[in-house]
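Quick notes on the structure that follows.
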Amino acid sequence: MASMCEATTRVLPGAAVIELSGEVDGSAADVLTNAYQTAVGTDADLGTVVLDFSAVDYINSTGIALIVSVLARARAERRKVVACGLSPHYREIFDITRLSDFIELFPDLDHAVSELTGPAA
Amino acid sequence: MTQIARPAPRRLDTFELPSEPGNERLALARVAETVQGLGLSDSRLEKLKTAVAEATMNAIEHGNGNRAEIPVEVEVTQNGDDIVVAISDQGGDATGQAGPAQEPDLLQKLEGAQSPRGWGLFLIRNMVDAMDITTNGQRHTIWLTMRTGGAEHGEHV
C-alpha cells in the first residue's frame, strides 16, 4: 500500500524538525525512518527532534508503533523528542499510550521552537 | 408492575468492505456519516472513529488475512441511548488471538522488551464505553458501544 504520509525536514540550531503531513500509519515507515535520518544526519550533537503533526489528519495504532520506534531510536542516541500540532484527540491518545510521558507536547511549531531556542534577543 | 417499553434496536446502516489494507478509512468515514446528529460530541465521535478503524484493521489483517474476496461486515445500530457498531470477519478465534497476549507497556517497548506494535485492542478499549467480542464458528465479531447524550468520564459539559 502506497504511503499517504509525506515528510519535510529542516534543521534549527540544536534541533531538527520533521514536518509530517497526511496519514501516519504502518505504510509511513520508510517515510518516517528516512526523514529521521535526513533530519539528524551525522550530527551527534543535535539534541532534539521535533515531530510536527499539524498537517496530519490520521494516526492509527501502526502509526503509534512507528512513533514508538522513532522515540526508541532517539533515546538510544540520547536525543530528546518533542511533538507539536496534535489535535485534542491525538493528544489524548498520546496520553493514553503514555507517549506524552516521554515526548513533550506543544500546541504548535512556534511554541516548540520558542521553547527550544529560548526567547528572542 | 409497570414496565417501561424500551424501543427496539434500530439498524442505521450495514455494509461490507473488501479485506484490503487501508479500507478501515472507508469504514470510519461511513460510520461517522451514519451517526452524525445522534448526540455524540465531537471528541466522542473521534474516539468512535478511531475504535472503528482499529477494529476494521484487525478484521482485515488478522481475521480475513488481507484476502480481499472475504468481506469485512459492518453494522451500525441504535439501541436506546447506545450506538453499537458490529464489525465481523471470518477469522474465528484466530482474530482475537492475533493480538498481543500482554498489555502494551511503553517503557518495555522503548527498551525492546515488547514489540513497538500491539496497540490496537488497547486503543479500542480506551476509546469506547464498552467492547465485546463474540465468536460463532468462523464468524468473529467485535461490538463497539458508545452512549449518546452524556459526558464521558472526566469530560465536562
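For chain B, a crude dipole built from +1 on the beta carbon of Lys and Arg and -1 on the beta carbon of Asp and Glu, taken about the Cα centre, is about 200 debye to the nearest 20.
The slack between B:Gln108 and B:Ser43, meaning 0.36 nm per residue of separation minus the straight C-alpha distance, is 20.4 nm.
The fraction of Cα-Cα pairs per 5 angstrom bin, counted from 0 for region A:5-117, comes to 3, 13, 26, 28, 21, 9, 1 percent, rounded to whole percents.
Across the protein assembly as shown, the convex hull enclosing all Cα atoms gives 152 Å³ per residue.
Among the GluC sites (Glu not before Pro) in region B:1-86, those placed in a DSSP loop whose Cβ has at most 16 other Cβ atoms within 10 Å are B:Glu69.
Would you mind getting the Kirkwood hydrodynamic radius of chain B from its Cα pairs, rounded to one decimal in Å? Mind dumping the intermediate values first?
On the way: mean 1/r = 0.0609 Å⁻¹.
With all distinct Cα pairs of chain B included, I get 16.4 Å.
None of the figures in this text is laboratory data; all of them are computed from the coordinates on show. Predicted model only: the values in this text are computed from it and were never measured. Here Cβ is always computed from backbone atoms with ideal geometry, including for glycine, and neighbour counts include all displayed protein chains.
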